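All remarks here apply to the structure that follows.
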Protein chains: 2
Amino acid sequence: MAPHAATARDKLLDAAIHVVRSQGYAASSVDEICREAGVTKGAFFHHFPSKEALAIAAAGRFAAAADTLCAAAPYRALPDPAARVLGYVALRRDWLRGELAEITCFAGTVVQEAYATSPALRAACEAAICGHAATLDADIEAAMQARGLAGRFSPAGLSRHIQAVIQGAFILAKATGEVAMAEESLDHLRRYLELLFTTKKRDVPE
Amino acid sequence: MAPHAATARDKLLDAAIHVVRSQGYAASSVDEICREAGVTKGAFFHHFPSKEALAIAAAGRFAAAADTLCAAAPYRALPDPAARVLGYVALRRDWLRGELAEITCFAGTVVQEAYATSPALRAACEAAICGHAATLDADIEAAMQARGLAGRFSPAGLSRHIQAVIQGAFILAKATGEVAMAEESLDHLRRYLELLFTTKKRDVPE
DNA sequence: ATAAGCGTACCGACCGGTTGGTATGGTTGT
DNA sequence: ACAACCATACCAACCGGTCGGTACGCTTAT
């Protein structure tokens, strides 16, 4: 991710994100993450008390990187809140290029394995996903107001749904080996949002 | 799953589905699956040449069970194809009760870890997910014809999108620990389908 | 100037336990 | 008799984590 991650700690975080995204959490050994980072095991346990602690820190780093990229994206400057929401989805669709291990979600991958066995790691993944989702709350709420949809459903709920579709798209892409499957799903998501934000209120089902 | 799975093979498959759904594939040891099944390791390797082979067979069993349940569901008898599609989503929403390990998707969980390391297992998960998705293809195609939406997007693509939303809903539920988060997403999916199948063609975005 | 003192960063051999898988022998149904 | 079925004992490889030790830079006292 970072081209010249200076410290061993950063190199370990980046390596963990990459290795875990391609193999899952449990299958990624500490030794392999160290090898990928070009760092020894001693350095690993100097910076992190456990493998779990590394994953928690990596989830935070991953979410922060995503938040930063989105906050700096051009669509953020659009005047219409609905257009900003659609701009977000378009950006996520644009990101669907390259290897699966480079485009999928670290937190979504990890939480599938850890939700029942590691409460702290589960909470870190929840914070990463829901925290990132929440960056859309205000725009969605404004767009719903503008369309007379206020109260029809919760803005935060739609934010989370957007993340759910993205997560599901990744699973479909992994299952088929085709990134195009993920694009397809994001196109349906875009169509849903367009229908929501361009249809007259009486036509939107409860 | 089955109360009195007769053979050791069936008990192993059921145990694998349960254990893997709660811990993921890599973290589920053969010993633990055997313990859960009440069977020894000798029986395991008598019926399956490897852990991977068990997972492949379990994916098939899981998909077959889902297909069977859906084929027998009441909504299948509805006259309107669009109503059958919505009936499917309603059924999947009804299934969202109980422990996460009992309601989430085995194939979706496994493929996240195995897509890059085990081609055969990845293919089995693809067959499970996409095969199950395909049971909706005909109804979706008919509903699109009836609404003049033919050619707007692919019926199989919408079938896969439905599965993607369901998979993403599971991830959200695991991350938050709240099954209600999954319900929320399925409600949005239902609303999307209602908009698609009740809106005049000219109002549906490309 | 300099050396003692100390904290952070890092190394790599090592440990007990667990892993997927094997070898072998007994039991049961036909 | 014979094969399908299953239990016990076992193995080499690997796992996460520990530990004694080194390298080096920053204070601070002399």
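Please list 3J(HN,Hα) in residue order for region A:162-168, calculated via the Karplus relation 6.51 cos²θ - 1.76 cosθ + 1.60 where θ = phi - 60°; whole Hz, with x for glycine and proline.
3J(HN,Hα) across region A:162-168, in whole Hz: 4, 5, 4, 4, 4, 4, x.
Cut-off 10 angstrom, C-alpha nodes, Gaussian network model of chain B. Which of B:V111, B:V20, B:V39 fluctuates the most?
B:V39
Run the numbers for A:D31 and A:L78: contour at 0.36 nm per residue of separation, minus the present Cα-Cα distance, in nm.
Details: separation 47, 0.36 × 47 = 16.92 nm, distance 4.61 nm.
Here the answer is 12.3 nm.
Just to be sure I understand: with springs between alpha-carbon atoms less than 10 Å apart, which residue in B:E32, B:E141, B:E183 has the highest mean-square fluctuation in the Gaussian network model of chain B?
Its mean-square fluctuation being the largest, the pick is B:E32.
With an 8 Å Cα cut-off and a minimum separation of 6 or more residues, compute the relative contact order for chain B in percent.
Working: 203 pairs, mean separation 42.3, N = 206.
This gives 21 percent for chain B.
Between A:C125, A:C70, A:C105, which gets the highest mean-square fluctuation from a Gaussian network model of chain A, Cα cutoff 10 Å?
Fluctuation is largest for A:C70.
May I ask which of A:K51/A:K174; A:K51/B:K11; A:K41/B:K174; A:K174/B:K174; A:K11/A:K51 have a Cα-Cα span longer than 23 Å here?
Details: A:K51/A:K174 25 Å; A:K51/B:K11 33 Å; A:K41/B:K174 31 Å; A:K174/B:K174 19 Å; A:K11/A:K51 15 Å.
Those over the limit are A:K51/A:K174; A:K51/B:K11; A:K41/B:K174.
Return the value, in Å² to the nearest 100, of accessible area buried between chains B and A (probe 1.4 Å, both sides summed).
4500 Å²
Give me a comma-separated list of calculated 3J(HN,Hα) values for region A:58-67, in order, Karplus coefficients 6.51, -1.76, 1.60 applied at θ = phi - 60°, integers in Hz, x for any Gly or Pro.
5, 4, x, 5, 4, 5, 4, 5, 5, 4
Explain nothing, just the number: dipole magnitude of region B:59-203 about its Cα centre with +1 on each Lys and Arg Cβ and -1 on each Asp and Glu Cβ, in debye rounded to the nearest 20. Don't jump to the answer; show the numbers that get you there.
Numbers: 16 positive and 16 negative charges, 92 e Å.
For region B:59-203, the charge dipole is close to 440 debye.
If you count, for every residue in B:156-162, the Cβ atoms of partner chains within 10 Å of its Cβ, what is the mean? Walk me through the numbers before you get to the answer.
Numbers: counts 1, 7, 3, 0, 10, 13, 3.
Counting Cβ atoms of other protein chains within 10 Å of each residue's Cβ and averaging gives 5.
Given the C-alpha centroids of region A:124-155 and region B:41-107, what is the distance between them in whole angstrom?
Distance between centres, Cα-based: 32 Å.
Towards the positive end of the charge dipole of region A:60-206, with charges on Cβ (+1 Lys, Arg; -1 Asp, Glu), say which of A:P205, A:V89, A:P74 has the farthest Cα.
Checking the options against the dipole of region A:60-206, the answer is A:P205.
To the nearest µm²/s, what D does Stokes-Einstein give for chain A at 20 °C and 1.002 mPa s, using the Kirkwood radius over alpha carbon pairs as Rh?
Numbers: Rh = 18.2 Å.
The calculation lands on 118 µm²/s.
Taking trypsin sites (Lys or Arg not before Pro) as candidate sites, keep only those in a DSSP loop with at most 12 other Cβ atoms within 10 Å, then name the longest stretch of chain B containing none of them.
Working: sites that count: B:R97, B:K200.
It runs B:98-199.
Give me the percent of the accessible area of the protein assembly as shown that comes from carbon and sulfur atoms, probe 1.4 Å, all protein chains in place.
Carbon and sulfur together cover 55 percent of it.
From the square roots a ≥ b ≥ c of the eigenvalues of the alpha-carbon gyration tensor of the protein assembly as shown, which class results: rounded (a/c under 1.5), prolate (a/b over b/c), or oblate?
Working: a/c = 2.07, a/b = 1.16, b/c = 1.78.
It is oblate, given that a/c is not under 1.5 and a/b is not larger than b/c.
Would you compute, from DSSP H runs of 4+ residues alone, the mean residue ellipticity of chain B at 222 nm, taking -39500 (n - 2.57) per run and dividing by the full residue count, rounded to the nearest 500? Write down the numbers at each step before the final one.
Values: 11 runs with 146 residues, N = 206.
Calculated from helices alone, the mean residue ellipticity at 222 nm is -22500 deg cm²/dmol.
Quick check: residue separation of B:T198 and B:K41 times 0.36 nm, minus the Cα distance between them. What number comes out in nm? Walk me through the numbers before you get to the answer.
Values: separation 157, 0.36 × 157 = 56.52 nm, distance 5.53 nm.
The B:T198-B:K41 span can extend by a further 51.0 nm.
For A:S50 paired with B:L91, estimate the spin-label separation in nm (one decimal), with each label point 7 Å from Cα along the Cα-to-Cβ line.
Here the modelled spin labels are 4.2 nm apart.
Quantify how strongly other chains surround peptide A:19-26 by giving the mean number of their Cβ atoms within 10 Å of each of its Cβ atoms. Please list the in-between numbers first.
Numbers: counts 0, 1, 2, 4, 7, 12, 5, 7.
Average neighbour count from other chains, rounded to a whole number: 5.
Among B:L193, B:A43, B:L13, whose Cα lies farthest out toward the positive end of the dipole of chain B, if unit charges sit on the beta carbon of Lys, Arg (+1) and Asp, Glu (-1)?
Positive-end residue among those listed: B:L193.
Mind checking the per residue accessible area of region B:112-197 for me, 1.4 Å probe, whole number of Å²? The partial results should precede the final answer.
Numbers: 2390 Å² over 86 residues.
Accessible area per residue: 28 Å².
Per residue in region A:166-190, which ones lose no less than 30 Å² of accessible surface when going from chain alone to all protein chains (1.4 Å probe)?
The answer is A:Q167, A:G168, A:I171, A:L172, A:K174, A:A175, A:T176, A:E184, A:S185, A:H188 - residues whose exposure falls by at least 30 Å² when every protein chain is included.
Whole-Hz ³J(HN,Hα) for each residue in region A:128-144, computed from phi via Karplus 6.51 cos²θ - 1.76 cosθ + 1.60 with θ = phi - 60°, x for glycine and proline: what do you get?
Karplus-based 3J(HN,Hα) across region A:128-144 equals 5, 6, 6, x, 5, 4, 5, 5, 9, 3, 4, 5, 5, 4, 5, 5, 5 Hz.
The values are calculated or read from the model by the stated rules, or taken from the named source; none is laboratory data. Everything quoted here is computed from the prediction, not taken from an experiment. Cβ atoms come from the backbone with ideal geometry, glycine included; neighbour counts cover every protein chain shown. Side chains included, ligands, DNA and RNA excluded: accessible areas come from the protein's heavy atoms. Shrake-Rupley method; radii C 1.70, N 1.55, O 1.52, S 1.80 Å.
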